[in-house]
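The next block holds one structure in the form of structure tokens; read it before the comments.
The values are calculated or read from the model by the stated rules, or taken from the named source; none is laboratory data. Fair warning: this is a prediction, and the values are worked out from it, not measured in the lab. Reconstructed Cβ throughout: ideal geometry from the backbone, glycine too, with neighbour counts over all protein chains shown. Quick note on the areas: whole protein, heavy atoms, side chains included, nothing else; ligands and nucleic acids left out. Shrake-Rupley method; radii C 1.70, N 1.55, O 1.52, S 1.80 Å.
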Amino acid sequence: MNEQQQSLWEFMQQQSDKLLEQTIQHIGLTFISLFIAVLIGLPLGILISRKLKLSGPVLGIAGILQTIPSIALLGFMIPLLGIGAKPAITALLLYALLPIIRNTYTGITGVDAAVKEAAVAMGMSKWQVLFKVELPLAMPVIFAGIRTATVITVGVATLASFIAAGGLGEFIFGGISLNNTNMILAGAIPAALLAILFDFLLARLQKLNLKKLKTATAILPLLLILFSSFYFLPSAYGSKLKAGFTPEFMGRHDGNLGLQSKYGLKINTVVISDAVMYKAAYEKQLDVISGYSTDGRLKAYGLVVLNDDKGIFPPYYAAPIIKENSLKKFAGLEKILNLLANKINDSVMTALNYKTDYLHQSPEKVAKAFLVAQHLWKPAQNGNGEVVKIGSKIFGEQYILANMYSMLIKGYSNYGVATKTGLGGTKICFDALTNDGIDFYPEYTGTGLLAILQPSLKTVDSLTGNKDATYDYVQQQFQAKYGIKWLKPIGFNNAYALMMRKKQAKDLNIKTISDLKRYLESR
Amino acid sequence: MIKVEQLSKHFGKVKAVDNISFEVQEHENMILLGTSGCGKTTTLKMINRLIEPTSGNVFINNQDIFEQSPEILRRGIGYVLQNNGLFPHYTVAENIAVVPQLLKWDKKRIDTRTHELLEKLHLSKDYLNAYPGELSGGQQQRIGLARALVADPAVLLMDEPFGALDNVTRSSIHKEFKALDELKRKTIIMVTHDVQEAFELGDHICLMDKGKIVQDGTPSELLFKPENDFVKDFLKEQGLQLEFKTITIKSLWHLLSNEEIAGTGPGLLLNYNTDLWTVFERFKVVNAIPARLNMMNLENKEMKTVSFETLMSAFYQFQQQQQGA
């Protein structure tokens, strides 16, 4: 435990520049959103306390906004506002609205009617009643709303890293993808501390007595503006093209680190989620992205893979990995899972992915159509044997594979099947596997090597580029270390790849990563 | 001074106030009396336009109040609420200064006036920086009164001003209220459901029921010449006590005989405007038997010494005359 803490501390020291930058971005992002949310929410709350008929619809809409999943909301924003700060701030402020509007409304309508009547009867105008009586008396309740909104926003702001708006989410989601606990904690602990700190500060402000409240009311906007100014757009290097890489890609030796060390590539880079990256490239928000070579969206959005002429991306052959205990428990399962071995090559997988990602067919339908075409499909036996738990990561290809395995198991055995799809990253999948949360899931040799085993750079270098050597290495190491077996590869190589829009790549005459570097360095 | 003409307020189909008219003379204390829901508070709030009437006119000093902006109108009318309505986030001083600040008085003038009022209302200056929550109910009500009086408005509207106070506090505030010279210069309309309070403080009383005025008259008119059974029933419960409080020595003067006994000396001297209730209180502290009190007619300086028995027989004669008339 002590060792763990120390290495976390070391990691934070080592990455202190980045950590500070992300923390400041996080604070800035939170408070800009909060500031705008107060600017919108407070007047709206006042309005509906005046026109009670509007209160239902306004609170209803704000409530519905609150229930939209954050990633979906961020996704909606891209066509409208692109990527980066604008959509992130918009999404965050939409989440912050409800508590602010609701508490302003509750606070004002809760002011003692006799006090309000007295204020009117003294000859105050509507505005005087509002500013001298209603708002000051509602202030503790409004503060409570802003407090809630702050804590929500600090939390949701971690998701801003999905759309290249920075913040502590870069470490958190990078860490999850890279199976790097220190990186996760380096993002999560400051984020939690920020939430606690701001909650505490606002609580202090809220509990001030009535006299000091006047000062507090003046301080709050100042604080909001001050913290808001922390935020600056992830600074540009001033290169001609803009790249968007996933947090995972950013931290990997076979990712951005390799691009920098082996190619010397210097490009203006933002961190973005895999879920919105392709679309952002299509919408010309980004020029270069770090995709997967079999991704269906490659086809859907007219993107082209740049040739990795220096061979920094190791092979990523997919194969199911399963605990040996599970293989013993479910006799015959290995044979069933190996039915898919070498059945799907790169172009087949890309085509299947295209059907789900672009044509929006269900993974189940795509899986069945493929199995039927391959004469592998058998009707389900509806057996009541023990249940095999299948896991999958949170992208289309994995959903298709999970469905294929599910149909094969049902068709060829009397085992029941439970699927746990959409596990958000390598770490989550692998932890689920080792903790018996799932029995198997499709993994990639490169990921197994770099994200899970994390051998020395020398070992990685010796394996890079060699499909079979990599497979043999991970097979042997997983067996020894975790008692987990790699079954036969499915056939396709879903490696990392840099991609650009076809047209732009053609116009700029960029075919390889070296071409890209040359173009960036030319004047 | 205040003239209300055919004033009505309908809430949907309910006629809260139904076509009422009355007048209040300058420096008069007029009471709107009635049970809850009779429309008395609605009537009061229409006079400072907290409630806009459905129809009718109100004139203050011959000026139509609906031709003025409501804010300006209200700054010229003092208003006292049942639950004082003090601003909890303002100190006592700030609460009192609300209207002067709206009227843009300078700080010195506000300070001088605030201190003057506190003295008149027997409130310590120590309270100035306290918040209303730190004061007792009676003190809060006095601050509420100070707030209404600070700009010296000619008209004062009071909505059950003493309704939330306990009996002891209320009667002590009643006494102060009657003694306060500030109030003698005001034209006051006060809403109450308390018959005794109405008789004690009112120069004239409008008894209301179901949005209409049942009888408009002086306390003794209501008592001795009730318009109908409603008025009679309304006052019946507290009848005798009310009469004692309404009738002064002056009304009985012609029925009183002088019973001066040589050697008793002048002793306590009562003004002939004193009501009988107060006179009885005085009898209680007279030790001599039979108890006698000295009374003076302020018009001709005539003095009479009267015993309790004489006073009571004069009272019964007076009652019979009133009812016979």
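On a 0 to 90° scale, report how tilted helix A:181-207 is relative to the longest principal axis of chain A, with both axes built from alpha carbons and the result rounded to the nearest 10.
On a 0 to 90 degree scale, this one is about 10.
Going by the alpha-carbon gyration tensor, a ≥ b ≥ c the square roots of its eigenvalues, is the stretch B:178-260 rounded (a/c under 1.5) or, if a/c is not under 1.5, prolate (a/b greater than b/c) versus oblate?
Working: a/c = 2.36, a/b = 1.27, b/c = 1.86.
Cα axes put the stretch B:178-260 in the oblate bin.
Determine, at each q value in 0.05, 0.06, 0.11 (inverse angstroms), the log₁₀ of I(q)/I(0) that the Debye formula gives when each Cα of the protein assembly as shown is one equal point scatterer.
After summing over all Cα pairs, the log10 values are -0.52, -0.63, -1.21.
Sum -39500 (n - 2.57) across every DSSP H segment of at least 4 residues in chain A, then divide by the residue count to get the 222 nm mean residue ellipticity, nearest 500. Each step should come with its number before you reach the end.
On the way: 23 runs with 304 residues, N = 523.
Calculated from helices alone, the mean residue ellipticity at 222 nm is -18500 deg cm²/dmol.
What's the carbon and sulfur percent of the stretch A:277-349's accessible surface, probe 1.4 angstrom, rounded to a whole number? Mind dumping the intermediate values first?
Numbers: 1270 of 2800 Å².
Here it works out to 45 percent.
To the nearest 20 Debye, how big is the dipole of chain B about its Cα centre, given +1 on the beta carbon of each Lys and Arg and -1 on that of each Asp and Glu? Intermediate results must be reported in sequence, preceding the final value.
On the way: 36 positive and 42 negative charges, 102 e Å.
Here chain B has a charge dipole of around 500 debye.
Assuming R0 = 35 Å, what is the FRET efficiency of A:LYS481 and A:GLN260, from their Cβ-Cβ distance, to the nearest 0.05?
Working: r = 30 Å, r/R0 = 0.86.
Given R0 = 35 Å and the Cβ-Cβ separation, E is 0.70.
For labels at B:SER69 and B:LYS108 in the simple 7 Å Cα→Cβ model, what's the distance in nm?
Result for the modelled spin labels: 2.9 nm.
List, in the order given, every pair from B:LYS184/B:LYS250; A:LYS310/A:LYS368; A:LYS368/A:LYS502 whose Cα-Cα distance in the structure shown is over 27 Å. Present the calculation step by step, with values, prior to reporting the outcome.
On the way: B:LYS184/B:LYS250 21 Å; A:LYS310/A:LYS368 39 Å; A:LYS368/A:LYS502 32 Å.
Violating the 27 Å limit, Cα to Cα: A:LYS310/A:LYS368; A:LYS368/A:LYS502.
Any idea how far apart A:ASN325 and A:LEU197 come out in nm if each label point goes 7 Å out from Cα toward Cβ?
About 4.2 nm, to one decimal.
Among A:SER273, A:VAL304, A:ASN342, which residue has its Cα positioned farthest towards the positive end of the charge dipole of the stretch A:251-350, with +1 placed on the Cβ of Lys and Arg, -1 on the Cβ of Asp and Glu, and the dipole taken about the Cα centre?
Value: A:ASN342.
Can you list the lysines whose alpha carbon sits under 21 Å from that of B:LYS40, skipping same-chain ones fewer than 8 residues off?
The reachable lysines, counting only those whose Cα sits under 21 Å from B:LYS40, are A:LYS116, B:LYS3, B:LYS9, B:LYS13, B:LYS15, B:LYS186, B:LYS210, B:LYS212, B:LYS232, B:LYS236.
Using a/c under 1.5 as the rounded threshold, could you call chain B rounded, prolate or oblate? The axes a ≥ b ≥ c are square roots of the C-alpha gyration tensor eigenvalues, and prolate needs a/b larger than b/c, oblate otherwise. Mind dumping the intermediate values first?
On the way: a/c = 2.29, a/b = 1.40, b/c = 1.64.
It comes out oblate by the Cα gyration axes.
For the charge dipole of the protein assembly as shown, defined by +1 on Lys and Arg C-beta atoms and -1 on Asp and Glu C-beta atoms about the Cα centroid, which residue among A:ILE83, A:THR104, A:GLY28 has the Cα displaced farthest towards the positive pole?
So the residue we want is A:ILE83.
With a probe of 1.4 Å, find how much accessible area the protein assembly as shown has per residue, and write the answer as a whole number in Å². All intermediate terms of the calculation are to be shown ahead of the outcome.
Details: 38090 Å² over 848 residues.
Spelled out: the 1.4 Å probe surface of the protein assembly as shown, per residue, equals 45 Å².
Provide the gained length on full extension for the span B:ASP203 to B:SER136, in nm with one decimal, where the gain is 0.36 nm per separating residue minus the Cα-Cα distance. Please report the intermediate quantities before stating the final value.
Values: separation 67, 0.36 × 67 = 24.12 nm, distance 2.96 nm.
Taking 0.36 nm per residue and subtracting the Cα distance, the gain is 21.2 nm.
Past 29 Å, Cα to Cα: identify those pairs from A:LYS467/A:LYS511; A:LYS262/A:LYS420; A:LYS299/A:LYS410; A:LYS284/A:LYS427, in the order given. Display every interim value, and only then the final one.
Values: A:LYS467/A:LYS511 23 Å; A:LYS262/A:LYS420 38 Å; A:LYS299/A:LYS410 32 Å; A:LYS284/A:LYS427 32 Å.
The answer is A:LYS262/A:LYS420; A:LYS299/A:LYS410; A:LYS284/A:LYS427.
Trypsin sites (Lys or Arg not before Pro) within the stretch B:3-108: which are DSSP loop residues with at most 13 other Cβ atoms inside 10 Å?
Here the sparse-neighbourhood loop sites are B:LYS13, B:LYS104.
Size of the dipole of the stretch B:68-173 about the Cα centre, Lys and Arg at +1 and Asp and Glu at -1 on the beta carbon, nothing else charged, in debye to 20?
Numbers: 12 positive and 12 negative charges, 61 e Å.
The calculation lands at about 300 debye.
Can you give the accessible area of A:LEU135, probe radius 1.4 Å, in Å² rounded to 10?
20 Å²
Taking loop as defined by DSSP and a crowding limit of 16 other beta carbons within 10 Å, which GluC sites (Glu not before Pro) in the stretch B:1-93 fit? Please report the intermediate quantities before stating the final value.
Working: sites: B:GLU5, B:GLU23, B:GLU26, B:GLU28, B:GLU67, B:GLU71; in loops: B:GLU26, B:GLU28.
Filter output for the stretch B:1-93: B:GLU26, B:GLU28.
Please turn the phi angles of the stretch A:395-406 into ³J(HN,Hα) values with the Karplus equation 6.51 cos²θ - 1.76 cosθ + 1.60 (θ = phi - 60°), one per residue in order, whole Hz, x for glycine and proline.
9, x, 3, 5, 5, 5, 4, 4, 5, 4, 4, 4
To make sure I understand the rule: partners must be lysines, Cα under 18 Å from the Cα of B:LYS108, and not fewer than 8 residues away in the same chain. Which ones qualify?
Output for B:LYS108: B:LYS125.
What spacing in nm lies between the two simple spin-label points modelled at A:LEU52 and B:MET312, each 7 Å away from Cα in the Cβ direction?
That separation, rounded to one decimal, is 5.7 nm.
Between A:ASP461 and A:LYS368, what's the calculated FRET efficiency when r is the beta-carbon distance and R0 is 51 Å? Round to 0.05. Kindly include the intermediate steps, with their values, before the conclusion.
Working: r = 42 Å, r/R0 = 0.83.
Once rounded, the FRET efficiency stands at 0.75.
So, R0 is 35 Å and r is the distance between the beta-carbons of A:GLU334 and A:LYS506; what FRET efficiency does that work out to, to 0.05?
On the way: r = 46 Å, r/R0 = 1.32.
It comes to 0.15.
With a 1.4 Å probe on protein heavy atoms only, work out how much accessible surface A and B bury together, total over both chains, in Å² to the nearest 100.
On the way: alone 23750 and 16200 Å², together 38090 Å².
Buried: approximately 1900 Å² between B and A.
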